[in-house]
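Here the structure comes first, spelled out in structure tokens, and everything after it is commentary.
The values are calculated or read from the model by the stated rules, or taken from the named source; none is laboratory data. Since the model is a prediction, treat every value here as computed from it, not as a measurement. Note: ideal-geometry Cβ built from the backbone for every residue, glycine included; neighbour counts use all protein chains shown. When the accessible area is computed, the model is the full protein with side chains, heavy atoms only, and any ligands, DNA or RNA have been set aside. Shrake-Rupley method; radii C 1.70, N 1.55, O 1.52, S 1.80 Å.
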Amino acid sequence: EAGVVQSPRYKIIEKKQPVAFWCNPISGHNTLYWYLQNLGQGPELLIRYENEEAVDDSQLPKDRFSAERLKGVDSTLKIQPAELGDSAVYLCASSLGAGGSGANVLTFGAGSRLTVL
Amino acid sequence: SQKIEQNSEALNIQEGKTATLTCNYTNYSPAYLQWYRQDPGRGPVFLLLIRENEKEKRKERLKVTFDTTLKQSLFHITASQPADSATYLCALDPFGGYALNFGKGTSLLVTP
């Protein structure tokens, strides 16, 4: 079974340019997450989807970041325009579901490393 | 505010010894706590989950303890090997079944 697939793995852009990252979660996983990871830090949640609905986007900088999960499967995270401080790894993760008393184990993709020059 | 604290300094140990990593948290009442491993250039990989009513959990050479009074979890790797070298992340679900919050991670280096 394929894991969480992300692309591109690496992206180098000039500041003020747009960039987009794509994620295909594990089949059957209804919950999808985008996390940001800076060097030497743990992942920080940007947005969480339950199927196609963004149920937690409180940490997403909405002035320049946007995300979508139109059919409740794959997802795209966009930054426009990119700033120097956006250089980081963008991780996508998925899980079977959230809520209730069940534990929520995340499966991560390899990440997309962004460098803004 | 909620905080998850892990050893900020890297842990260097000799092969064969037991590695012990610490995770302390504040302002959480977690139903469970998770540990993940992350290798350079890769995403975190789930290792173990321990629930609030469990004191200890084992998986092969891994052992996790969870003390909700001390608000602390300890992660042990016994008979450590160079292949265990990685960053280990502690993660908490603040509400039960929602997104995980992660600590900064502790880097472990096991030398032959």
For A:Ser27, are the conditions met, namely being under 30 Å from B:Ala86 (Cβ atoms), open to solvent by less than 50 Å² (accessible area, probe 1.4 Å) and not charged (D, E, K, R)? no
For the range A:97-111, state whether one or more residues are more than 10 Å from chain B (Cβ to nearest Cβ) and in contact (Cβ under 8 Å) with a residue 24 or more places away in the chain. no
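Just for strands (runs of 3 or more DSSP E) wholly inside the range A:21-117: which have at least 2 residues that are at pLDDT 95 or above?
Here the list reads A:31-37, A:44-50, A:65-68, A:75-79, A:88-95, A:112-116.
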Return yes when A:Gly40 is away from every other protein chain (no Cβ under 13 Å), surrounded by fewer than 17 Cβ atoms within 10 Å (Cβ to Cβ) and out of contact with any helix residue (DSSP H, G or I) (no Cβ under 8 Å at 6 or more places or on another chain) and no when it is not. no
Could you list, ordered by first residue, the pairs with Cβ atoms under 9 Å in which the first is in the range B:1-19 and within 12 Å of chain A (Cβ to nearest Cβ) and under 13 Å from B:Ala86 (Cα atoms) and the second is loosely packed, with under 15 Cβ neighbours inside 10 Å and hydrophobic (A, V, I, L, M, F, W, C), at least 6 apart or interchain? B:Ala10/B:Leu109
Quick test for you: out of B:Ser73, B:Ser80, pick the one residue that is within 21 Å of B:Thr26 (Cα to Cα), away from chain A (no Cβ under 12 Å) and among the polar types (S, T, N, Q). B:Ser73
The condition from (1) in contact (Cβ under 8 Å) with a residue 24 or more places away in the chain; (2) within 13 Å of chain B (Cβ to nearest Cβ); (3) open to solvent by 30 Å² or more (accessible area, probe 1.4 Å); (4) not basic (Lys, Arg) that A:Trp22 misses is numbered (2)
Residues that are open to solvent by less than 10 Å² (accessible area, probe 1.4 Å) and not polar (S, T, N, Q): which strands (runs of 3 or more DSSP E) entirely in the range B:9-112 hold 3 or more of them? B:19-26, B:32-38, B:86-92
Among A:Leu114, A:Leu77, the single one that is touching a helix residue (DSSP H, G or I) at 6+ places or on another chain (Cβ under 9 Å) and crowded, with 16+ Cβ neighbours inside 10 Å is A:Leu114
